[in-house]
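To start, the structure itself, in structure tokens.
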Amino acid sequence: MMVMKFCVVGSAAALVVFLFSGTANAAENSLETGQAIYKRANCVGCHKWHGDGGGGYGGAALSLRKTELEKPQIMETVKCGRPGTGMPYFSRDSYPSDDAPQCYGLTSKDLETMHVAQAGVFLRPGEIEAVADYVISSIKGKGDPNLADCVAFFGEDSKACGVYKSGGHHELPTPSTTQ
Amino acid sequence: MERGISYPYGRSSKSTRRFYVGGTALLLIFATAAFADDAPSVGPKAETPIVAKSPETTTQRLLDADKEQQNWITHHKTYNAQRFSTLDQINAGNVKGLKVAWTMQLGGVEGGGIWSHGGLEGTPIVEDGFMYVTDGWGSVYKVDTHGGLGRLLWKMDPKTDHDWAGAVACCGVDNRGVGLYKDLVISHTLDGRLIATDKETGQVKWQRQVADPDKGEVVTGAPLIVKNMAITGVAGAEYGIRGWIAATDLDTQKEMWRTFTLPKKGEPGSETWSGTNSEETTGGGSTWVTGSYDPISNTILWGVGNPGPDWDNAYRPGDNLYTDSSLAVDADTGKIKWHFQHTPNDPYDYDSVAENVLVDVDGKKIALEADRNGFGYAVDRTDGRFLWATPFVKKVTWTKGIDPETGKPEEYDAKKQVQVYNPEATPVRSREITDICPGNMGGKNWPPTAYNPLLKTWYVPVIESCNRITIKPETKANKPRDFFTGGGPSQPFRITGSVTAIDVTTGKVVGKHETPYPNLAGILATPDLVFSGEPSGQVYALDAKTLQRLWEFNTGGGVNAPPMTFSVDGKQYVAILVGMGGAWDKWFIDSTPELKKVQPGSTLYVFAL
């Protein structure tokens, strides 16, 4: 876990800040949590690790790097999903059966006739905020993904970042046999 | 890119080896030094000594695989890819009594890259009672099936890099099985390696990087072993790769040949790419389904996938050879002998990766191919000449039909650079949304057909489908590891399935067994039965003539792999891997909403009377 933490911080200078500043510590913790939620909730599945989304076999997921949404709108989209698209809702209570709708004025009854995808994992409100913070600070407004972005996501050793390195020659993994 | 691993393994020591295997998976012990010496006493004390030893898989045995009734030693059972077993202990008269004999939990369900979980799509290989299966991440399991039980002898985990490969696997974390060569088990990994594992010990003798995920290439198919070669196909057309088929010499680990499925400028076929975009900016022509082999003409037949970008055919004017084609290549050189293209300038993602089934009927040497575009094709396999085509799906909208003379779609116009076919049902840049039937998964996808030579009947695992294509024209060249599809599908329509029977003597559909969900499993044929499975969990047997369902068992998981049959200790078994993988539950699930309840899993089921 510590290794991951250092990778997220990404530089020795930031590491010093991380170690000595309580405020930065909290912020970095939140970002780390946000990134972990981004992975666990499988945002990667459509938006990819870099958030750029793009074409896909299941249609295009919007680019979070190019998005113009602000934090409240991102939180709403995560919570409520986007009806008629592949973007699922991540809050268990988004579409209640009573007439106190949480999202777009819709209740569970409306979902019988219109399509809103349901996420594979539900997130709590704090988790939705953390993942929105992560998108705002680490993805939104960034240019093309680069090696530093990739290492911040996967860690130093990942082959997934080889494509951003020059002459990225890979050692073959060592298989292991159990008997 | 090659790395040989020296492995001091004297053949003489093998004859005296005995394996001792613990009675439960909990007792399995990790081998310590991976490539160290060959000390035989690796396991806990014997509960069951296994005295039998796996035989050498020779070229002659592979050529004569049909004569080994008890075995299944190559991916499609025999080189002709008929997936027909002559075993008849289990038959139409007694199949009602088929029960679970044993099961085994496998691994590989974990996700990676854009995938939340892996699945099972493999065909088990069985040689004299020893079974070899793979999971989605390429682990190979050797299972002893003697004595009415399944005992895991070893598991080889190739330590596939999940994020690297999983990010560019277009359609799931999948591996369709192994090949056998002499004393080796030959397998692929999603991250593009070809691995040779010692049959007896499970130790890796060598591995070689064949495909490169840095370019968007991954490997999901089982290797085809021909002579001293392993033939590898590649996936990645959705990421703009230039497809190929490659042959590796299994004795020297050197590449014998690599035949690209998209010609370079100046090569034959390049005239069918008439736009300014080259094979590098377009890409396509994946080869991710194991092909077949005709030893008499020394020809490998292999299916070729769609061009990229999938749905934007104005990006790539011309017929786009050899995409959407069946390809016949010389086994020794890889040189293309002939091709037959099904959907020129494909605007639908109707690839032709499907296996070619080699049958001899009425003196004709035929190659059968059930295409994603919804038609079953027969061509003369000596020269690729078209014989007939018949729709095996209930609904086709993209074309009025296949011209009985040319084998091309009726609307095909050789003078046009961008084909439109039926304009109402063809994605075009001028209209954002188009509904197509069959949907872009087909028709028929990778799950294999089977052919019963006694009945001269061909059984197709069908996805009865339409779906909606939203065009997003591509304006730039593709970038490595980025999706390059020119749009994408969505699923406003319910999708069902069938097993559809075609009489190969007439080319006509003679039966259809309809199912509530698409057939994502594939078919096994025996003298009077047809076996298949459903993504909702059922494994079932049909009467080969009437297609009436005679038996079923619900495995409780999603069936996404083909059944096979074998015999050991004189008793016949049916085996199938169960665990939903592939692209369905990620991209296509809205067409079958009930299947959202199917959980990932990884189980080997074996049935017996």
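Things worth noting here:
- Basic side chains Lys and Arg get +1 at the Cβ, acidic Asp and Glu get -1 at the Cβ, and with that the dipole of the protein assembly as shown about its Cα centre reaches some 680 debye.
- Loop-resident trypsin sites (Lys or Arg not before Pro) (DSSP state other than H, G, I, E or B) in segment B:247-350 with no more than 12 further Cβ atoms inside 10 Å of their Cβ: B:254, B:265, B:335.
- Mean Cα-pair separation over length for segment B:472-563, i.e. relative contact order, pairs under 8 Å, 6 or more apart, %: 19 percent
- Of the peptides B:85-94, A:141-150, B:243-252, the order by per-residue mean of other Cβ atoms within 10 Å, starting with the highest, comes out as B:243-252, B:85-94, A:141-150.
- Between segment A:92-135 and segment A:136-179, the Cα center-to-center distance that results, in Å: 33 Å
- Close amide-amide hydrogen proximity is noted between residue B:485 and B:310, each under 5 Å apart and 5 or more residues distant or on a separate chain (H modeled in the peptide plane; Pro and chain starts excluded).
- Paramagnetic reach from residue B:514 (point 7 Å along Cα→Cβ, amide N under 13 Å) across segment B:542-581: none
- For segment B:156-280, convex hull volume per residue from C-alpha positions, Å³: 107 Å³
- Cross-link partners of residue B:364 among aspartates and glutamates (Cα-Cα below 16 Å; sequence separation of 8 or more within a chain): B:294, B:380, B:383, B:503
- For the segment B:197-207, counting C-beta atoms of other chains within 10 Å of every residue's C-beta and taking the mean gives 2.
- Per-residue average of Cβ from other chains inside 10 Å of A:160-166: 5
- Pairwise Cα inverse-distance average, inverted: Kirkwood Rh of segment B:495-572 (Å): 13.2 Å
- Flagged links, alpha-carbon separation over 20 Å, of B:159/B:597; B:365/B:508; B:96/B:394: B:159/B:597; B:96/B:394
- Whole-Hz ³J(HN,Hα) from phi, Karplus 6.51 cos²θ - 1.76 cosθ + 1.60, for segment B:302-308, glycine and proline x: 9, x, 10, x, 7, x, x
- Positive-end extreme of charge dipole, segment B:214-261 - chosen from B:221, B:234, B:261 (charges on Cβ): B:261
- Cα centroid separation - segment B:586-609 against segment B:447-490, whole Å: 20 Å
- With contacts taken as Cα pairs under 8 Å at a separation of at least 6 residues, segment A:26-179 carries a relative contact order of 24 percent.
- Take every pair of alpha-carbon atoms less than 8 Å apart whose residues are at least six positions apart; their mean separation over the length of chain B yields a relative contact order of 14 percent.
- Label-to-label distance, nm, for residues given as residue B:552 and residue B:267 (7 Å Cα→Cβ offset): 4.7 nm
- The mean count of C-beta atoms from other chains within 10 Å of the C-beta of residues in B:149-162, rounded to a whole number, is 3.
- Net charge dipole, chain B: roughly 640 debye, given to the nearest 20, about the Cα centre with Cβ charges of +1 for Lys and Arg and -1 for Asp and Glu.
- 5 angstrom amide H check on residue B:184, placed H, neighbours 5+ away: B:57, B:199
- Long-range Cα-Cα pairs in chain B (distance over 37 Å), rounded percent: 27 percent
- Rounded to the nearest 500, the 222 nm mean residue ellipticity of the protein assembly as shown from helices alone is -3000 deg cm²/dmol, with -39,500 (n - 2.57) taken per DSSP H run of at least 4 residues.
- The spacing between segment B:190-254 and segment B:304-375, judged by their C-alpha centroids, is 21 Å.
- Local electrostatic count, residue B:471, Cβ distance below 9 Å [Lys/Arg +1, Asp/Glu -1]: +1
- In terms of the mean number of neighbouring beta-carbon atoms within 10 Å, the peptides B:518-530, A:107-119, B:460-472 order highest first as B:518-530, B:460-472, A:107-119.
- Amide hydrogen proximity for residue B:273: with H placed 1.01 Å from N in the peptide plane, the residues at 5 or more positions away or on another chain lying under 5 Å are B:320.
No value in this document is a laboratory result; all are computed from the given coordinates. Remember, predicted model here, so these are calculated numbers, not experimental data. All Cβ positions, glycine included, derive from the backbone under ideal geometry; neighbour counts span all protein chains shown.
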